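Written out below as structure tokens is the structure these notes cover.
The values are calculated or read from the model by the stated rules, or taken from the named source; none is laboratory data. Since this is a predicted model, take the numbers as computed values, not measurements. We place every Cβ from the backbone using ideal geometry, glycine too, and count neighbours over all the protein chains shown.
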Amino acid sequence: MQLSFAGTLMELFVDLMGPVFQILSARFGIRFVLILGSIIMVLGLELASLSTEIWHVYLTQGVLFGSGASLLYVAAMSVPAQWFSKRRGLALGIVSSGAGIGGVVLPFVQTAVNNTLGIAWAYRVIGFICLAGNILICILVREKYPGHKKGVKTVDEEVQTQSSKKASMREIFDFTILKDVNYLMWVISTMVSVMGYFVPFFFLPSYVTQHLGLSSEDASAITAVMAASTTVGRISIGYIADRIGRMNALIICNIISGLSSFLIWVFAYDYNTMMAFAVVFGLVCSIYFSSMSTITATIVGIDRFPTGLSVLLMTNMVPVWGPSIASAVEARLYNTEPYFSYKMFTGVTFLLGGLILFALKIKMTKSFMSKI
């Protein structure tokens, strides 16, 4: 339990450092942020390999690695928007799909190194892998518009320059956005739905092994398939989102995610049904992470986009506690079937988040069928 808090702390800092990215990128440019994030990220892993106390892991893997990963993640989601307009959803889907690939490959690498060389070398090897990839990123990634481009007419065109705009502090932190009802509905919908996102990933291995009585290899295979499905989903649904609208795509995916929990996971008592849930849920559960920047820009406009994205990233700290909240509910409902409350929690949060987002769409467009 103590060690798992390092992962929670890492997730918190991934979200917490969003505003810091906005400040640094506005002042120094995205390349500086990429280099700084790479140094902090790799340093966190290498120092974690030297840890002898649990609080060492909290500071290195939790704070340092989480902070560096945050700077790299937000930069990765900002730069493609400068280069793509018509197929931005597909571009962002391809970029964010790397998380799914890492979720499939890195656990096997970590397990192999840990079993042969020990946990310290597992941290070091993962750090070396991150260093190699980050060096390529720092060399190859560049902004399309280093300065502020004038005369841009539309949201899609303006998003291409906003992440590299040398903005003032007032532009970065325009908290009048908190009076925008549309934006508040967007934030609430994301907090609710993303809270359910973490639950299957957190509890699925123990559900498969402890409740269903399957092997740890079966649990690893199901988890790997779910992670691989997120890769396919982010790319394919990004392509679809360019045609039907990003908010429309997110609404549909939230609803399917919730229904998959109610209609598949609730009745999953064998390997094949669990694998079906992993595929369906994995395909649709993570589209939010590749569409949040463009949907935010659509809702709040370009002038308030830096504040909108910063506040949104900070509110993403709330869903990190989703598994803990679900566990508290499970403990209260001790007379129910084990893990049943986790299934209900996942389904309810995704469906409720989707319904709030659908209400926002109707409020903004006054139409059921409009593309947004």
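The table that follows gives values for the structure above.
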quantity: Per-region count, segment 184-197, residues crowded, with 21+ Cβ neighbours inside 10 Å and either aromatic (Phe, Trp, Tyr) or more than 10 Å from THR315 (Cβ to Cβ) (or both); calculated: 7
quantity: Qualifying positions in segment 46-66 - acidic (Asp, Glu) and either closer than 14 Å to MET10 by Cβ or touching a residue at least 12 places away in the same chain (Cβ under 8 Å) (or both); calculated: GLU46
quantity: Cβ pairs under 8 Å, 6+ apart, first in segment 312-335 and of a type in the set (Phe, Trp, Tyr), second modelled with pLDDT of 85 or more and surrounded by 14 or more Cβ atoms within 10 Å (Cβ to Cβ); calculated: TRP321/MET195
quantity: Selected residue (criterion: surrounded by the fewest Cβ atoms within 10 Å (Cβ to Cβ)) from residues of segment 200-244 that are closer than 20 Å to SER327 by Cα, hydroxyl-bearing (Ser, Thr, Tyr) and out of contact with any helix residue (DSSP H, G or I) (no Cβ under 7 Å at 6 or more places or on another chain); calculated: SER206
quantity: Condition check for LEU43: in contact (Cβ under 8 Å) with a residue 24 or more places away in the chain and within 21 Å of the chain's Cα centre (by Cα); calculated: no
quantity: Cβ-Cβ under 9 Å pairs, at least 6 apart or on other chains, segment 73-86 side more than 18 Å from GLY102 (Cβ to Cβ) and outside any helix (DSSP H, G or I), far side modelled with pLDDT of 75 or more and hydrophobic (A, V, I, L, M, F, W, C); calculated: PHE84/LEU90; PHE84/ALA91; PHE84/LEU92
quantity: Any hit, segment 15-37, residues being outside any helix (DSSP H, G or I), surrounded by 18 or more Cβ atoms within 10 Å (Cβ to Cβ) and aliphatic (A, V, I, L, M); calculated: yes
quantity: Meets criteria (over 18 Å from the mean Cα position of the chain (by Cα) and modelled with pLDDT of 95 or more) for PHE350; calculated: no
quantity: Residue within segment 360-372 that is aliphatic (A, V, I, L, M), at pLDDT below 95 and under 30 Å from SER70 (Cα atoms) present; calculated: yes
quantity: Hey, THR307 modelled with pLDDT under 90 and either part of a loop (DSSP other than H, G, I, E, B) or more than 15 Å from the chain's Cα centre (by Cα) (or both) or not; calculated: yes
quantity: Qualifying residue in segment 246-268 (condition: modelled with pLDDT under 95, in contact with a Phe, Trp or Tyr (Cβ under 8 Å, 6 or more places away or on another chain), of a type in the set (D, E, K, R) and crowded, with 23+ Cβ neighbours inside 10 Å); calculated: no
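Residue-wise test of (1) at pLDDT 80 or above; (2) surrounded by fewer than 21 Cβ atoms within 10 Å (Cβ to Cβ); (3) within 20 Å of ASP15 (Cα to Cα).
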| site | (1), (2), (3) |
| --- | --- |
| LEU71 | yes, no, yes |
| SER78 | no, no, yes |
| SER96 | no, no, yes |
| GLY102 | no, yes, yes |
| PRO107 | no, yes, no |
| GLN110 | no, yes, no |
| THR116 | yes, yes, no |
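Residue-wise test of (1) over 21 Å from ARG243 (Cα atoms); (2) free of Cβ contacts under 8 Å to residues at least 24 places away in the same chain; (3) hydroxyl-bearing (Ser, Thr, Tyr).
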| site | (1), (2), (3) |
| --- | --- |
| TYR339 | yes, no, yes |
| PHE345 | yes, no, no |
| MET364 | no, no, no |
| ILE372 | no, no, no |
